[in-house]
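K.L.:
Structure in structure tokens, see below.
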Amino acid sequence: MFCKFRQLQTILKPRISKSISYAKASNDSTRVLVNVIEDEKTRTANVVMQRPPVNSLNLELLEQITAAIKDLEQKKFRGMILSSNSPTVFSAGLDITEMYNPKEERIRAFWKALQQMWKTLYLTPLVTIAAINGHAPAGGCLMSLSCDHNIMVKSRASIGLNETVLGIVAPKW
């Protein structure tokens, strides 16, 4: 079922909310890439990715998503909605610039953060919903599949694994 993004935002808009950012979770950046809007009454939160232009997953974004989920677990929240502030893209997947000529410690930290984010999102006791308001290729698709429920907000959005187009078999997990 498809619905307009504004309708979904209205449904998800907390009555009593508190906005929290997770820039401090990242070692190398103070830039806010994840904004969490908490609804204390329902014990739910909207975790909003905000890394323009396409929410590509770099080390800092991965660390901030993980920190947000762990914080909600610690506060005994019941559920969360993972969404994007981009009107056309949920997440474009891995940031390819992370792979170009990286320092060894950076690439190790990146892969560790990537695995930690997926593990945290997949295994969290929170009820998780991916509100996919745009395209979600590759890592964006895997991130949404790690959630308990997915809602495609736009009927023309695409979702999938780029590897399958190239004939590469995706891992079973």
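Values quoted throughout were computed directly from the atomic coordinates according to the rules given, and no laboratory measurement underlies them. This one's a predicted model, so the numbers in the text were calculated from it and none came from an experiment. Here the Cβ positions follow ideal geometry from the backbone for every residue, glycine too, while neighbour counts run over all protein chains shown.
K.L.:
Let me check against my output: what whole-number percent is the relative contact order of the range 36-131, with C-alpha pairs under 8 Å and at least 6 apart?
P.N.:
37
K.L.:
Additional query: Percent of Cα-Cα pairs more than 24 Å apart in the range 69-173, please.
P.N.:
30
K.L.:
Sticking with this one: Can you work out the Karplus-derived ³J(HN,Hα) for every residue in the range 156-161? Use 6.51 cos²θ - 1.76 cosθ + 1.60 with θ = phi - 60°, whole Hz, and x for glycine or proline.
P.N.:
Each residue's phi maps through the Karplus curve to give 9, 6, 10, 9, x, 9 Hz.
K.L.:
At a 10 Å Cβ-Cβ cut-off, how would you order Arg156, Arg51, Arg106, fewest neighbours first?
P.N.:
Ordered from fewest to most neighbouring Cβ atoms within 10 Å, Arg156, Arg51, Arg106 come out as Arg156, Arg106, Arg51.
K.L.:
Right, another one. Are any of the pairs Lys112/Lys154; Lys41/Lys70; Lys41/Lys154; Lys70/Lys112; Lys41/Lys119; Lys75/Lys154 more than 24 Å apart by Cα-Cα distance, and if so, which?
P.N.:
Over 24 Å apart, Cα to Cα: Lys112/Lys154; Lys41/Lys154; Lys41/Lys119; Lys75/Lys154.
K.L.:
Can you compute 3J(HN,Hα) from phi for each residue in the range 56-69, using the Karplus curve 6.51 cos²θ - 1.76 cosθ + 1.60 with θ = phi - 60°, rounded to whole Hz and x for Gly and Pro?
P.N.:
5, 7, 9, 4, 5, 5, 4, 5, 6, 5, 4, 4, 5, 5
K.L.:
Right, another one. If packing is taken as the average count of other Cβ atoms within 10 Å, what order do 37-49, 67-79, 129-141 fall into, highest mean first?
P.N.:
Top of the packing list down: 129-141, 37-49, 67-79.
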